[in-house]
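First the structure, in the form of C-alpha cells, and then the observations on it.
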Amino acid sequence: MNLYALLFGIIAGCTIILIKPLVFSVVNLNAISQNYLDGMLYISAFYCIAKSINATNISGIFTAGGDSKFGFWCDSIVMWGIILPLGYLCAFVWHVSPLVLYIVISLDEIIKLPLAFYRYRQYKWLNNITRTFSPVG
C-alpha cells in the first residue's frame, strides 16, 4: 500500500508539473504573480507525495487497524500547535514573502511523514478490532 501511495503521489506531482504550461496559458497574470504561481505549483507537486503517503497510512492503514486516535492527535498537534502559529508568525510578525508562507503552511505533511512512518514501523496501530460474541440461548 505504501509503495502504491508513493507511486501515485509521484504521478500526481508529475501531473502538476506537466500541466503547468496549460495553467499559464489559461490565466493572465503579471510577472510577480506568475513567479508565485510557478513556485506554488512546484511546492504542491512535492506536497502531493507526502500527502499521498500520509493519507494512506494515517487515514487508511492506521484506521483499519483500529488506531484512529493517532490521526486525530497527529493532525491536531501538527496543525494547531506548529503550522498555524508558525504561519501566523511568518505572515504577521516576520512578513515573509507569500511563497515562503506557502512553504511553511505546506510543511504539515512533511512534519507528519516521519511520525507516521515511525508509528507504522512500531505496529502499535495494529489492534484486535473483532468482537467476541457470546452464544444466544
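Odds and ends about this structure:
- Residue within the stretch 9-32 that is farther than 15 Å from Pro114 by Cα, open to solvent by 80 Å² or more (accessible area, probe 1.4 Å) and in contact (Cβ under 8 Å) with a residue 12 or more places away in the chain present: no
- Unmet requirement for Val93, which otherwise passes all of (1) loosely packed, with under 13 Cβ neighbours inside 10 Å; (2) closer than 23 Å to Gly13 by Cβ: (2)
- Residue ID - nearest to Ala5 (Cα to Cα), chosen from residues in the stretch 56-65 that are open to solvent by 40 Å² or more (accessible area, probe 1.4 Å) and not β-branched (Val, Ile, Thr): Ser59
- Given (1) in contact (Cβ under 8 Å) with a residue 24 or more places away in the chain; (2) more than 30 Å from Ser25 (Cα to Cα); (3) of a type in the set (A, V, I, L, M); (4) surrounded by fewer than 19 Cβ atoms within 10 Å (Cβ to Cβ), index of the condition Ile53 fails: (4)
- Boolean, Tyr42 is hydroxyl-bearing (Ser, Thr, Tyr), surrounded by fewer than 18 Cβ atoms within 10 Å (Cβ to Cβ) and free of Cβ contacts under 8 Å to residues at least 24 places away in the same chain: no
The values are calculated or read from the model by the stated rules, or taken from the named source; none is laboratory data. Everything quoted here is computed from the prediction, not taken from an experiment. Because the Cβ atoms are built from the backbone with ideal geometry, glycine has one as well, and the counts that use them run over all protein chains shown. Note: areas computed on protein heavy atoms with side chains; ligands, DNA, RNA excluded. Shrake-Rupley method; radii C 1.70, N 1.55, O 1.52, S 1.80 Å.
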